[in-house]
1. When all protein chains stay in place, what accessible area (Å², nearest 10, 1.4 Å probe) is found for residue A:481?
2. Suppose R0 equals 56 Å; then what is the FRET efficiency for residue A:282 and residue A:21 from their Cβ-Cβ distance, rounded to the nearest 0.05?
3. Which helices, taking whole DSSP H runs in chain A, have alpha carbons extending 27 angstrom or more along the helix axis plus mean Kyte-Doolittle at least -0.5?
4. Once ligands and nucleic acids are excluded and a 1.4 Å probe is used, how much of residue A:136 is accessible, expressed in Å² to the nearest 10?
5. Can you give me the C-alpha center-to-center distance between region A:139-167 and region A:241-267, rounded to a whole angstrom?
6. Per the helix-only calculation at 222 nm, which mean residue ellipticity applies to chain B, given -39500 (n - 2.57) for every DSSP H run of n ≥ 4 and division by its residues, nearest 500 deg cm²/dmol?
7. Can you tell which of B:56, B:11, B:44 shows the greatest fluctuation in a Gaussian network model of chain B with Cα springs below 10 Å?
8. With the full set of protein chains in place, find how many percent of the accessible area of region A:203-294 is carbon and sulfur; take the probe as 1.4 Å.
Amino acid sequence: MTKIFERPLYPYTRHADQDAVVPVRHKVVIIGAGPVGLAAAIDLAQRGVPVVVLDENDRVSFGSRAICFAKRTLEILDRLGCGDVATEKGVTWDQGRVFFDEREIYNFHLLPEDGHKRPAFINLQQYYFEQFLVERAQALAAEGAPLEIRGRNRVEAIGAHPDHVRLEIETPEGPYEVQAEWLIACDGANSPTRRMMGLDFVGRIFEDNFLIADVIMQADFPTERWFWFDPPFNRGQSALLHKQPDNVWRIDLQLGWDIDREAEKAPERVIPRIKQMLGEDVEFELEWVSIYTFQCRRMERFRHGRVIFAGDAAHQVSPFGARGANSGLQDVDNLCWKLARVIQGRSPNWLIDTYDFERVYGADENILNSTRSTEFITPKSEISRIFRDAVLDLAETQEFARPMVNSGRLSVPCRYDDGPLNGAGAEGLPARMRPGAPLSDAPLGDGWLLDQLGPDFTLLAIDTDLPDRPLPEDMTCLQATRAVSPVLAERYAGEQSSAVYLIRPDQHVCARWVQFDAAAVEAAFLQATGQSRGEAHG
Amino acid sequence: MANLTLSRNIADPDRFYDTLLAVHDELSKDESDALNARLILILANHIGDEQVLNKALHLAAQTGKTEDS
(Lines give C-alpha, C1' and ligand atoms only; values in the text may rest on other atoms or scores of the structure.)
Protein backbone atom coordinates (compact mmCIF):
# COMPACT_ATOMS: atom_id res chain seq x y z
CA MET A 1 0.00 0.00 0.00
CA THR A 2 1.31 3.42 -0.87
CA LYS A 3 1.73 5.61 2.19
CA ILE A 4 -0.09 8.91 2.16
CA PHE A 5 3.18 10.85 2.00
CA GLU A 6 4.28 9.00 -1.14
CA ARG A 7 1.30 10.14 -3.22
CA PRO A 8 0.95 13.45 -5.09
CA LEU A 9 -2.13 15.09 -3.55
CA TYR A 10 -1.97 18.30 -5.55
CA PRO A 11 -0.02 17.39 -8.69
CA TYR A 12 1.36 20.05 -10.98
CA THR A 13 -0.99 21.25 -13.69
CA ARG A 14 -0.47 24.11 -16.05
CA HIS A 15 -2.30 27.28 -15.05
CA ALA A 16 -3.50 30.14 -17.28
CA ASP A 17 -1.25 32.48 -15.23
CA GLN A 18 1.73 30.81 -16.89
CA ASP A 19 0.59 32.02 -20.32
CA ALA A 20 -0.45 35.52 -19.25
CA VAL A 21 1.34 38.33 -21.07
CA VAL A 22 1.04 40.63 -18.07
CA PRO A 23 1.62 38.95 -14.67
CA VAL A 24 -1.70 38.26 -12.96
CA ARG A 25 -2.22 39.99 -9.62
CA HIS A 26 -3.74 37.92 -6.76
CA LYS A 27 -5.19 39.10 -3.48
CA VAL A 28 -3.18 36.72 -1.31
CA VAL A 29 -0.40 34.30 -2.16
CA ILE A 30 0.80 31.83 0.45
CA ILE A 31 4.19 30.15 0.10
CA GLY A 32 4.24 26.67 1.62
CA ALA A 33 1.55 23.98 1.91
CA GLY A 34 2.51 22.79 5.37
CA PRO A 35 0.14 22.90 8.36
CA VAL A 36 0.43 26.68 8.67
CA GLY A 37 0.09 27.62 5.01
CA LEU A 38 -2.83 25.27 4.44
CA ALA A 39 -4.68 26.47 7.54
CA ALA A 40 -4.19 30.09 6.46
CA ALA A 41 -5.54 29.29 2.98
CA ILE A 42 -8.66 27.65 4.42
CA ASP A 43 -9.26 30.43 6.93
CA LEU A 44 -8.97 33.16 4.27
CA ALA A 45 -11.06 31.27 1.72
CA GLN A 46 -13.79 30.73 4.32
CA ARG A 47 -13.79 34.50 4.79
CA GLY A 48 -14.23 34.99 1.05
CA VAL A 49 -10.66 36.14 0.37
CA PRO A 50 -9.17 34.63 -2.82
CA VAL A 51 -5.96 32.79 -2.07
CA VAL A 52 -3.30 30.89 -4.05
CA VAL A 53 -0.95 28.47 -2.28
CA LEU A 54 2.40 27.79 -3.92
CA ASP A 55 4.32 24.72 -2.85
CA GLU A 56 7.58 23.38 -4.21
CA ASN A 57 6.32 19.85 -3.58
CA ASP A 58 3.06 18.11 -4.46
CA ARG A 59 2.46 15.94 -1.40
CA VAL A 60 2.30 15.95 2.38
CA SER A 61 5.47 15.88 4.43
CA PHE A 62 7.57 12.77 4.80
CA GLY A 63 7.91 11.39 8.32
CA SER A 64 5.67 12.05 11.31
CA ARG A 65 7.48 15.30 12.31
CA ALA A 66 5.12 17.41 14.47
CA ILE A 67 2.94 14.90 16.29
CA CYS A 68 1.40 16.62 19.33
CA PHE A 69 -1.55 18.83 18.52
CA ALA A 70 -2.96 20.82 21.40
CA LYS A 71 -6.56 21.49 22.34
CA ARG A 72 -6.38 25.02 20.98
CA THR A 73 -5.23 23.70 17.60
CA LEU A 74 -8.20 21.32 17.52
CA GLU A 75 -10.50 24.23 18.32
CA ILE A 76 -8.99 26.17 15.42
CA LEU A 77 -9.46 23.10 13.21
CA ASP A 78 -13.12 23.05 14.26
CA ARG A 79 -13.40 26.58 12.95
CA LEU A 80 -11.66 25.49 9.73
CA GLY A 81 -13.96 22.50 9.27
CA CYS A 82 -11.66 19.57 10.02
CA GLY A 83 -11.60 19.21 13.80
CA ASP A 84 -13.62 16.00 13.82
CA VAL A 85 -11.56 14.09 11.28
CA ALA A 86 -8.31 14.99 13.06
CA THR A 87 -9.62 14.14 16.52
CA GLU A 88 -11.09 10.83 15.35
CA LYS A 89 -7.85 9.74 13.69
CA GLY A 90 -5.61 11.07 16.45
CA VAL A 91 -4.66 9.35 19.68
CA THR A 92 -6.18 11.31 22.55
CA TRP A 93 -4.09 11.76 25.67
CA ASP A 94 -3.95 13.96 28.71
CA GLN A 95 -1.59 12.15 31.10
CA GLY A 96 2.14 12.56 31.40
CA ARG A 97 4.48 10.37 33.38
CA VAL A 98 8.01 11.29 34.42
CA PHE A 99 10.77 8.83 35.26
CA PHE A 100 14.16 9.50 36.81
CA ASP A 101 16.70 6.70 36.48
CA GLU A 102 14.57 3.60 37.05
CA ARG A 103 11.86 5.20 39.18
CA GLU A 104 8.57 6.85 38.28
CA ILE A 105 8.67 10.11 40.20
CA TYR A 106 5.66 12.03 39.04
CA ASN A 107 2.61 12.03 36.80
CA PHE A 108 0.37 14.84 35.72
CA HIS A 109 -2.93 15.60 34.04
CA LEU A 110 -2.89 18.30 31.39
CA LEU A 111 -6.52 19.28 31.53
CA PRO A 112 -7.71 18.73 35.08
CA GLU A 113 -11.13 20.14 34.29
CA ASP A 114 -14.24 18.83 32.51
CA GLY A 115 -16.53 20.76 30.24
CA HIS A 116 -14.41 21.07 27.11
CA LYS A 117 -15.31 19.61 23.72
CA ARG A 118 -11.70 18.82 22.82
CA PRO A 119 -9.07 16.91 24.80
CA ALA A 120 -5.80 18.42 26.02
CA PHE A 121 -3.86 16.80 23.19
CA ILE A 122 -4.00 14.41 20.31
CA ASN A 123 -1.03 12.74 18.73
CA LEU A 124 -1.25 12.63 14.97
CA GLN A 125 1.43 12.29 12.33
CA GLN A 126 2.00 15.59 10.55
CA TYR A 127 1.29 13.90 7.21
CA TYR A 128 -2.26 13.10 8.35
CA PHE A 129 -2.71 16.61 9.70
CA GLU A 130 -1.66 18.01 6.33
CA GLN A 131 -3.76 15.48 4.45
CA PHE A 132 -6.92 16.56 6.31
CA LEU A 133 -6.16 20.21 5.57
CA VAL A 134 -5.49 19.48 1.88
CA GLU A 135 -8.77 17.56 1.66
CA ARG A 136 -10.66 20.37 3.37
CA ALA A 137 -9.05 22.96 1.07
CA GLN A 138 -9.95 20.88 -1.99
CA ALA A 139 -13.52 20.42 -0.76
CA LEU A 140 -13.86 24.18 -0.29
CA ALA A 141 -12.48 24.79 -3.78
CA ALA A 142 -14.93 22.24 -5.20
CA GLU A 143 -17.77 24.18 -3.55
CA GLY A 144 -16.54 27.29 -5.34
CA ALA A 145 -14.40 28.87 -2.64
CA PRO A 146 -11.59 31.01 -4.09
CA LEU A 147 -8.71 28.71 -3.14
CA GLU A 148 -6.10 26.90 -5.21
CA ILE A 149 -3.01 24.91 -4.36
CA ARG A 150 -0.33 24.85 -7.05
CA GLY A 151 2.03 21.90 -6.66
CA ARG A 152 5.65 21.99 -7.80
CA ASN A 153 5.59 25.77 -7.97
CA ARG A 154 8.83 26.95 -6.38
CA VAL A 155 9.30 30.65 -5.70
CA GLU A 156 12.72 31.72 -6.95
CA ALA A 157 12.67 35.45 -6.43
CA ILE A 158 10.62 38.03 -4.55
CA GLY A 159 10.28 41.73 -5.22
CA ALA A 160 8.61 43.66 -2.40
CA HIS A 161 6.84 46.85 -3.43
CA PRO A 162 4.71 49.27 -1.37
CA ASP A 163 1.38 47.94 -2.66
CA HIS A 164 2.25 44.47 -3.96
CA VAL A 165 4.82 41.68 -4.11
CA ARG A 166 6.25 40.29 -7.32
CA LEU A 167 7.00 36.56 -7.43
CA GLU A 168 9.13 34.61 -9.89
CA ILE A 169 8.04 30.99 -9.88
CA GLU A 170 9.77 27.91 -11.28
CA THR A 171 7.68 24.95 -12.50
CA PRO A 172 8.35 21.70 -14.38
CA GLU A 173 7.34 23.62 -17.52
CA GLY A 174 9.51 26.65 -16.89
CA PRO A 175 9.21 29.94 -15.03
CA TYR A 176 6.38 32.47 -14.77
CA GLU A 177 5.52 35.51 -12.72
CA VAL A 178 2.60 36.58 -10.57
CA GLN A 179 1.92 39.48 -8.29
CA ALA A 180 0.29 39.39 -4.87
CA GLU A 181 -1.33 42.19 -2.94
CA TRP A 182 -0.30 40.27 0.17
CA LEU A 183 2.20 37.46 0.60
CA ILE A 184 2.17 35.09 3.57
CA ALA A 185 5.43 33.18 3.95
CA CYS A 186 4.79 29.82 5.60
CA ASP A 187 7.87 28.17 4.20
CA GLY A 188 9.34 26.75 7.38
CA ALA A 189 12.35 27.21 9.63
CA ASN A 190 14.71 27.54 6.66
CA SER A 191 12.33 29.96 4.95
CA PRO A 192 13.64 30.78 1.45
CA THR A 193 11.43 33.88 1.54
CA ARG A 194 13.25 35.16 4.60
CA ARG A 195 16.58 34.48 2.94
CA MET A 196 15.59 36.09 -0.38
CA MET A 197 14.50 39.20 1.51
CA GLY A 198 17.73 39.23 3.52
CA LEU A 199 15.92 39.30 6.87
CA ASP A 200 17.30 38.42 10.27
CA PHE A 201 16.60 35.29 12.30
CA VAL A 202 18.56 35.44 15.52
CA GLY A 203 18.49 33.48 18.74
CA ARG A 204 20.15 30.74 20.64
CA ILE A 205 21.57 27.47 19.31
CA PHE A 206 21.49 24.50 21.66
CA GLU A 207 24.41 22.12 21.37
CA ASP A 208 22.59 18.83 21.46
CA ASN A 209 21.41 16.16 19.05
CA PHE A 210 18.20 14.21 19.34
CA LEU A 211 17.32 10.98 17.60
CA ILE A 212 13.72 10.52 16.51
CA ALA A 213 12.64 7.01 15.68
CA ASP A 214 9.10 6.11 14.68
CA VAL A 215 8.59 2.41 15.25
CA ILE A 216 5.62 0.26 14.33
CA MET A 217 4.82 -2.25 17.05
CA GLN A 218 2.00 -3.93 18.91
CA ALA A 219 2.56 -2.75 22.46
CA ASP A 220 0.33 -2.32 25.44
CA PHE A 221 1.94 0.81 26.87
CA PRO A 222 -0.82 3.23 27.85
CA THR A 223 -1.51 6.28 25.70
CA GLU A 224 0.45 8.65 27.87
CA ARG A 225 3.50 10.82 27.41
CA TRP A 226 6.42 9.06 29.09
CA PHE A 227 9.50 11.08 29.77
CA TRP A 228 12.77 9.78 31.26
CA PHE A 229 15.56 11.72 32.84
CA ASP A 230 18.82 9.78 32.89
CA PRO A 231 17.32 6.34 32.19
CA PRO A 232 19.41 3.16 32.28
CA PHE A 233 18.96 2.75 28.51
CA ASN A 234 20.23 6.26 27.71
CA ARG A 235 22.58 7.21 30.54
CA GLY A 236 23.06 10.87 31.28
CA GLN A 237 20.50 11.82 28.64
CA SER A 238 16.73 12.04 28.25
CA ALA A 239 14.13 9.95 26.42
CA LEU A 240 10.51 10.34 25.38
CA LEU A 241 7.89 7.81 24.30
CA HIS A 242 4.62 8.75 22.63
CA LYS A 243 1.88 6.82 20.85
CA GLN A 244 0.63 7.79 17.40
CA PRO A 245 -2.18 6.30 15.30
CA ASP A 246 -1.62 3.08 13.30
CA ASN A 247 0.48 1.52 16.10
CA VAL A 248 3.31 3.93 15.41
CA TRP A 249 5.32 4.94 18.46
CA ARG A 250 7.52 7.99 18.63
CA ILE A 251 10.81 7.50 20.44
CA ASP A 252 12.94 10.53 21.07
CA LEU A 253 16.44 10.03 22.49
CA GLN A 254 18.87 12.74 23.46
CA LEU A 255 22.31 11.89 22.07
CA GLY A 256 24.56 14.74 23.17
CA TRP A 257 26.66 17.06 21.03
CA ASP A 258 29.78 15.21 19.88
CA ILE A 259 28.32 12.42 17.80
CA ASP A 260 28.59 11.13 14.25
CA ARG A 261 25.15 12.04 12.97
CA GLU A 262 25.19 9.76 9.94
CA ALA A 263 26.41 6.76 11.95
CA GLU A 264 23.77 7.28 14.65
CA LYS A 265 20.99 7.24 12.04
CA ALA A 266 22.00 3.83 10.70
CA PRO A 267 19.54 1.04 11.61
CA GLU A 268 22.35 -1.12 13.05
CA ARG A 269 22.93 1.66 15.60
CA VAL A 270 19.29 2.66 16.14
CA ILE A 271 17.78 -0.80 16.59
CA PRO A 272 20.00 -1.84 19.55
CA ARG A 273 19.25 1.47 21.27
CA ILE A 274 15.52 0.87 20.94
CA LYS A 275 15.82 -2.74 22.10
CA GLN A 276 17.61 -1.52 25.20
CA MET A 277 14.66 0.76 25.87
CA LEU A 278 11.75 -1.52 25.01
CA GLY A 279 13.25 -4.89 25.91
CA GLU A 280 14.96 -7.51 23.75
CA ASP A 281 11.81 -9.47 22.87
CA VAL A 282 9.61 -6.60 21.65
CA GLU A 283 9.09 -6.87 17.90
CA PHE A 284 9.08 -3.64 15.97
CA GLU A 285 9.76 -2.15 12.58
CA LEU A 286 11.39 1.23 11.91
CA GLU A 287 9.21 3.63 9.95
CA TRP A 288 11.24 6.83 10.09
CA VAL A 289 14.50 7.91 11.68
CA SER A 290 15.80 11.43 11.89
CA ILE A 291 18.35 13.36 13.92
CA TYR A 292 17.65 16.93 14.80
CA THR A 293 19.22 19.85 16.57
CA PHE A 294 17.25 22.92 17.45
CA GLN A 295 17.40 26.60 18.04
CA CYS A 296 15.21 29.08 19.86
CA ARG A 297 14.92 32.21 17.73
CA ARG A 298 12.56 34.55 15.99
CA MET A 299 12.48 37.31 13.42
CA GLU A 300 12.53 40.78 14.89
CA ARG A 301 9.28 41.58 13.10
CA PHE A 302 6.80 39.22 11.43
CA ARG A 303 5.37 41.83 9.09
CA HIS A 304 7.47 43.48 6.42
CA GLY A 305 5.16 45.72 4.40
CA ARG A 306 3.06 43.40 2.24
CA VAL A 307 4.99 40.28 3.29
CA ILE A 308 3.87 38.50 6.44
CA PHE A 309 5.72 35.60 8.06
CA ALA A 310 3.94 32.85 10.00
CA GLY A 311 4.86 29.59 11.72
CA ASP A 312 8.42 28.27 11.77
CA ALA A 313 9.39 30.80 9.11
CA ALA A 314 8.89 33.51 11.74
CA HIS A 315 9.93 31.70 14.91
CA GLN A 316 11.54 28.47 15.97
CA VAL A 317 11.54 26.73 19.35
CA SER A 318 12.81 23.50 20.83
CA PRO A 319 10.37 20.61 20.41
CA PHE A 320 9.83 20.29 24.18
CA GLY A 321 6.33 21.51 24.80
CA ALA A 322 4.87 21.01 21.32
CA ARG A 323 5.06 24.71 20.62
CA GLY A 324 6.04 24.61 16.94
CA ALA A 325 3.07 23.68 14.77
CA ASN A 326 0.66 24.63 17.56
CA SER A 327 1.97 28.19 17.70
CA GLY A 328 1.94 28.34 13.90
CA LEU A 329 -1.77 27.56 13.95
CA GLN A 330 -2.26 30.34 16.48
CA ASP A 331 -0.45 32.69 14.08
CA VAL A 332 -2.97 31.80 11.39
CA ASP A 333 -5.86 32.19 13.81
CA ASN A 334 -4.65 35.66 14.73
CA LEU A 335 -3.75 36.85 11.23
CA CYS A 336 -6.51 35.73 8.90
CA TRP A 337 -9.48 37.65 10.27
CA LYS A 338 -7.39 40.80 10.36
CA LEU A 339 -6.05 40.38 6.85
CA ALA A 340 -9.55 39.62 5.55
CA ARG A 341 -10.93 42.80 7.15
CA VAL A 342 -8.14 44.93 5.68
CA ILE A 343 -8.52 43.40 2.21
CA GLN A 344 -12.29 43.89 2.37
CA GLY A 345 -11.86 47.53 3.36
CA ARG A 346 -13.51 47.04 6.74
CA SER A 347 -10.41 47.89 8.79
CA PRO A 348 -7.34 50.04 8.24
CA ASN A 349 -4.01 48.57 7.23
CA TRP A 350 -2.77 49.21 10.78
CA LEU A 351 -4.75 46.21 12.02
CA ILE A 352 -2.10 43.91 10.46
CA ASP A 353 0.52 45.47 12.73
CA THR A 354 -1.37 44.07 15.70
CA TYR A 355 -0.63 40.58 14.30
CA ASP A 356 3.02 41.46 14.64
CA PHE A 357 2.53 42.74 18.20
CA GLU A 358 0.44 39.83 19.43
CA ARG A 359 2.29 37.00 17.76
CA VAL A 360 5.75 38.33 18.61
CA TYR A 361 4.48 38.35 22.18
CA GLY A 362 3.28 34.77 21.71
CA ALA A 363 6.59 33.72 20.15
CA ASP A 364 8.52 35.23 23.06
CA GLU A 365 6.36 33.28 25.51
CA ASN A 366 7.00 30.08 23.58
CA ILE A 367 10.73 30.74 23.32
CA LEU A 368 10.92 31.48 27.05
CA ASN A 369 9.06 28.29 27.95
CA SER A 370 10.95 26.09 25.57
CA THR A 371 14.32 27.55 26.60
CA ARG A 372 13.53 26.86 30.25
CA SER A 373 12.48 23.30 29.43
CA THR A 374 15.67 22.78 27.48
CA GLU A 375 17.77 24.05 30.37
CA PHE A 376 16.07 21.56 32.69
CA ILE A 377 16.15 18.60 30.31
CA THR A 378 19.70 19.14 29.08
CA PRO A 379 21.63 20.89 31.90
CA LYS A 380 24.62 22.66 30.44
CA SER A 381 26.70 23.13 33.61
CA GLU A 382 27.58 21.04 36.63
CA ILE A 383 25.51 23.18 39.02
CA SER A 384 22.57 23.18 36.62
CA ARG A 385 22.62 19.38 36.68
CA ILE A 386 22.96 19.29 40.49
CA PHE A 387 19.83 21.41 40.95
CA ARG A 388 17.96 19.50 38.24
CA ASP A 389 18.68 16.18 39.93
CA ALA A 390 17.79 17.67 43.33
CA VAL A 391 14.37 18.67 41.99
CA LEU A 392 13.83 15.19 40.53
CA ASP A 393 14.92 13.46 43.77
CA LEU A 394 12.60 15.62 45.86
CA ALA A 395 9.69 15.30 43.43
CA GLU A 396 9.34 11.61 44.11
CA THR A 397 8.13 12.24 47.66
CA GLN A 398 7.52 15.99 47.96
CA GLU A 399 4.57 17.61 46.27
CA PHE A 400 6.17 21.08 46.30
CA ALA A 401 8.99 20.03 43.96
CA ARG A 402 6.76 18.57 41.25
CA PRO A 403 5.82 21.84 39.58
CA MET A 404 9.53 22.49 39.10
CA VAL A 405 9.97 19.28 37.10
CA ASN A 406 10.14 20.56 33.55
CA SER A 407 9.95 17.88 30.87
CA GLY A 408 8.37 20.42 28.54
CA ARG A 409 5.68 22.97 29.37
CA LEU A 410 3.04 21.79 26.95
CA SER A 411 1.52 24.28 24.59
CA VAL A 412 -1.33 26.39 25.83
CA PRO A 413 -2.61 29.36 23.84
CA CYS A 414 -1.13 32.73 24.55
CA ARG A 415 -3.04 35.43 26.47
CA TYR A 416 -2.57 38.78 24.78
CA ASP A 417 -2.29 40.73 28.02
CA ASP A 418 -1.91 44.44 27.28
CA GLY A 419 -2.66 43.77 23.60
CA PRO A 420 -3.50 46.83 21.51
CA LEU A 421 -6.95 45.47 20.69
CA ASN A 422 -8.02 44.77 24.28
CA GLY A 423 -10.90 46.82 25.61
CA ALA A 424 -12.62 47.12 28.95
CA GLY A 425 -11.99 44.40 31.51
CA ALA A 426 -14.64 44.78 34.19
CA GLU A 427 -13.55 44.20 37.79
CA GLY A 428 -14.93 41.20 39.58
CA LEU A 429 -15.17 38.87 36.60
CA PRO A 430 -12.98 35.73 36.53
CA ALA A 431 -9.30 36.47 35.85
CA ARG A 432 -8.91 33.57 33.43
CA MET A 433 -11.27 35.25 30.98
CA ARG A 434 -9.68 38.71 31.05
CA PRO A 435 -9.33 40.67 27.79
CA GLY A 436 -6.76 39.04 25.51
CA ALA A 437 -7.40 35.54 26.91
CA PRO A 438 -8.39 32.68 24.62
CA LEU A 439 -11.93 31.52 25.34
CA SER A 440 -12.36 28.52 27.59
CA ASP A 441 -14.80 26.14 26.03
CA ALA A 442 -17.90 25.21 28.06
CA PRO A 443 -21.15 23.35 27.48
CA LEU A 444 -23.85 25.62 26.04
CA GLY A 445 -27.31 24.23 25.39
CA ASP A 446 -26.98 20.90 23.59
CA GLY A 447 -23.53 21.73 22.30
CA TRP A 448 -20.37 23.70 23.02
CA LEU A 449 -19.70 27.39 23.34
CA LEU A 450 -16.88 27.51 20.78
CA ASP A 451 -18.97 25.77 18.11
CA GLN A 452 -21.69 28.39 18.44
CA LEU A 453 -19.53 31.48 18.00
CA GLY A 454 -19.95 33.46 14.79
CA PRO A 455 -17.33 33.65 12.05
CA ASP A 456 -16.70 37.29 12.96
CA PHE A 457 -17.35 39.02 16.27
CA THR A 458 -19.67 37.50 18.86
CA LEU A 459 -21.45 39.05 21.81
CA LEU A 460 -22.00 36.59 24.65
CA ALA A 461 -24.50 37.55 27.33
CA ILE A 462 -24.96 35.60 30.56
CA ASP A 463 -28.11 36.26 32.57
CA THR A 464 -28.68 39.65 31.03
CA ASP A 465 -30.87 40.86 28.16
CA LEU A 466 -29.83 41.18 24.54
CA PRO A 467 -29.58 44.72 23.22
CA ASP A 468 -32.63 46.22 21.59
CA ARG A 469 -30.66 48.14 18.98
CA PRO A 470 -28.67 46.71 16.07
CA LEU A 471 -25.06 45.83 16.78
CA PRO A 472 -22.15 46.68 14.45
CA GLU A 473 -21.97 44.42 11.40
CA ASP A 474 -24.76 42.20 12.72
CA MET A 475 -22.41 40.47 15.11
CA THR A 476 -23.49 37.07 16.36
CA CYS A 477 -25.31 37.14 19.69
CA LEU A 478 -25.27 34.26 22.14
CA GLN A 479 -27.29 34.10 25.31
CA ALA A 480 -26.71 31.80 28.25
CA THR A 481 -28.14 31.43 31.71
CA ARG A 482 -26.57 30.10 34.86
CA ALA A 483 -29.58 27.84 35.36
CA VAL A 484 -29.03 25.99 32.06
CA SER A 485 -25.25 26.41 31.64
CA PRO A 486 -23.72 26.53 35.12
CA VAL A 487 -20.20 25.63 33.97
CA LEU A 488 -20.18 28.40 31.40
CA ALA A 489 -21.56 30.90 33.92
CA GLU A 490 -18.93 29.87 36.46
CA ARG A 491 -16.11 30.36 33.93
CA TYR A 492 -17.39 33.64 32.49
CA ALA A 493 -19.41 35.38 35.20
CA GLY A 494 -17.87 33.83 38.31
CA GLU A 495 -19.21 35.61 41.40
CA GLN A 496 -21.10 38.20 39.38
CA SER A 497 -24.78 37.72 38.62
CA SER A 498 -24.34 38.59 34.94
CA ALA A 499 -21.67 39.21 32.32
CA VAL A 500 -21.30 40.39 28.72
CA TYR A 501 -18.32 39.44 26.54
CA LEU A 502 -17.25 40.82 23.19
CA ILE A 503 -15.35 38.01 21.45
CA ARG A 504 -12.91 38.32 18.57
CA PRO A 505 -13.12 36.15 15.45
CA ASP A 506 -10.08 34.21 16.71
CA GLN A 507 -11.97 33.37 19.91
CA HIS A 508 -10.01 35.63 22.21
CA VAL A 509 -11.76 37.95 24.65
CA CYS A 510 -11.88 41.48 23.35
CA ALA A 511 -13.68 43.25 26.21
CA ARG A 512 -16.20 42.43 28.91
CA TRP A 513 -18.68 44.05 31.23
CA VAL A 514 -21.03 43.02 34.02
CA GLN A 515 -23.98 44.69 32.26
CA PHE A 516 -24.69 45.35 28.58
CA ASP A 517 -23.90 48.87 27.46
CA ALA A 518 -24.39 49.52 23.73
CA ALA A 519 -22.01 52.46 23.55
CA ALA A 520 -19.27 50.54 25.37
CA VAL A 521 -19.67 47.53 23.08
CA GLU A 522 -19.46 49.74 20.03
CA ALA A 523 -16.33 51.48 21.32
CA ALA A 524 -14.65 48.14 22.07
CA PHE A 525 -15.60 46.84 18.63
CA LEU A 526 -14.11 49.88 16.90
CA GLN A 527 -10.94 49.44 18.90
CA ALA A 528 -10.67 45.71 18.23
CA THR A 529 -11.10 46.26 14.51
CA GLY A 530 -8.47 48.98 14.39
CA GLN A 531 -11.04 51.65 13.54
CA SER A 532 -10.16 53.61 16.65
CA ARG A 533 -7.04 53.37 18.73
CA GLY A 534 -7.92 52.48 22.30
CA GLU A 535 -7.66 55.32 24.78
CA ALA A 536 -7.08 52.83 27.55
CA HIS A 537 -3.78 51.92 25.92
CA GLY A 538 -2.77 55.41 24.81
CA MET B 1 6.99 44.73 51.00
CA ALA B 2 8.32 41.53 52.47
CA ASN B 3 11.73 41.70 54.07
CA LEU B 4 14.59 39.28 54.22
CA THR B 5 15.42 38.73 57.87
CA LEU B 6 19.07 39.62 58.37
CA SER B 7 19.08 40.13 62.13
CA ARG B 8 19.89 37.21 64.41
CA ASN B 9 17.04 34.76 64.13
CA ILE B 10 18.40 31.37 65.21
CA ALA B 11 18.18 30.76 68.95
CA ASP B 12 21.28 28.60 69.26
CA PRO B 13 23.59 29.35 66.33
CA ASP B 14 26.31 26.92 67.48
CA ARG B 15 23.90 24.04 67.68
CA PHE B 16 22.44 24.82 64.24
CA TYR B 17 25.93 24.99 62.73
CA ASP B 18 26.76 21.62 64.28
CA THR B 19 23.61 20.09 62.85
CA LEU B 20 24.26 21.60 59.43
CA LEU B 21 27.69 20.00 59.27
CA ALA B 22 26.48 16.76 60.78
CA VAL B 23 24.16 15.99 57.86
CA HIS B 24 27.19 16.18 55.59
CA ASP B 25 29.22 13.73 57.64
CA GLU B 26 30.72 10.94 55.57
CA LEU B 27 29.25 12.31 52.36
CA SER B 28 31.33 12.60 49.22
CA LYS B 29 31.64 16.00 47.54
CA ASP B 30 28.96 15.00 44.98
CA GLU B 31 26.59 13.81 47.68
CA SER B 32 27.13 16.98 49.69
CA ASP B 33 26.49 19.14 46.63
CA ALA B 34 23.26 17.25 46.00
CA LEU B 35 22.19 17.60 49.63
CA ASN B 36 22.88 21.33 49.58
CA ALA B 37 20.82 21.69 46.43
CA ARG B 38 17.90 19.82 48.00
CA LEU B 39 18.22 21.93 51.13
CA ILE B 40 18.10 25.17 49.12
CA LEU B 41 14.97 23.99 47.30
CA ILE B 42 13.25 22.94 50.54
CA LEU B 43 14.03 26.25 52.27
CA ALA B 44 13.11 28.27 49.17
CA ASN B 45 9.72 26.62 49.05
CA HIS B 46 9.23 27.28 52.77
CA ILE B 47 9.93 30.98 52.22
CA GLY B 48 7.87 31.13 49.05
CA ASP B 49 7.81 34.92 48.81
CA GLU B 50 9.52 35.85 45.53
CA GLN B 51 10.80 39.21 46.79
CA VAL B 52 12.41 37.64 49.83
CA LEU B 53 13.96 34.91 47.69
CA ASN B 54 15.30 37.45 45.20
CA LYS B 55 16.85 39.47 48.02
CA ALA B 56 18.48 36.34 49.42
CA LEU B 57 19.79 35.34 45.98
CA HIS B 58 21.12 38.83 45.41
CA LEU B 59 22.81 38.97 48.81
CA ALA B 60 24.41 35.57 48.28
CA ALA B 61 25.64 36.59 44.83
CA GLN B 62 27.11 39.85 46.14
CA THR B 63 29.01 38.40 49.10
CA GLY B 64 32.06 36.19 49.16
CA LYS B 65 35.24 36.55 47.16
CA THR B 66 35.24 36.37 43.37
CA GLU B 67 38.25 35.17 41.41
CA ASP B 68 39.09 38.54 39.92
CA SER B 69 38.79 40.79 42.94
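1. About 60 Å², rounded to the nearest 10.
2. Values: r = 63 Å, r/R0 = 1.13.
Calculated value: 0.30.
3. On the way: long enough: A:351-377 (39 Å, -0.41).
Passing helices, by number: A:351-377.
4. Here the residue's solvent-accessible area equals roughly 50 Å².
5. One Cα centre to the other: 36 Å.
6. About -19500 deg cm²/dmol.
7. B:11
8. Values: 1860 of 4160 Å².
C and S fraction of accessible area: 45 percent.
The values are calculated or read from the model by the stated rules, or taken from the named source; none is laboratory data. Everything quoted here is computed from the prediction, not taken from an experiment. Here the Cβ is made from the backbone with ideal geometry for all residues, glycine too, and neighbour counts use every protein chain on show. With ligands, DNA and RNA removed, areas are computed over all heavy atoms of the protein, side chains included. Shrake-Rupley method; radii C 1.70, N 1.55, O 1.52, S 1.80 Å.
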